[in-house]
Amino acid sequence: MDKLKADLALNEQLTYRFIRPLPVPILTLNGLDDPLIDTFRLSEWRAYTSVGFQSQCMPGGHFFFKRDFPRFYSILLTLFSE
């Protein structure tokens, strides 16, 4: 838990600046009940790629992938096998 708190504290100190979009696809996966993420803001990642963006929400909180790992893994396999 201390590592997570330190990570969140560091994140609060970051200042963001726009960078040139990268030529790699970006995928955001998040838990619908994650109190740390505003799901509407995930689409902002689209600006950081020049080739493709996808976003998917899954049931669960911050550690949503632990709730239903087979489903999480299936999504990854499907997306990266295309």
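Each reported figure results from applying straightforward, stated rules to the coordinates on display, with no laboratory input. These numbers come from a predicted model, not from an experiment. Virtual Cβ from ideal backbone geometry, glycine too; neighbours counted across all protein chains shown.
Between 1, 58, the distinction of being without any contact (Cβ under 8 Å) to a residue 40 or more places away in the chain and over 14 Å from the mean Cα position of the chain (by Cα) belongs to 1 only. Every test in (1) under 23 Å from residue 4 (Cβ atoms); (2) over 11 Å from the mean Cα position of the chain (by Cα) is passed by residue 27 save one, and that test is (2).
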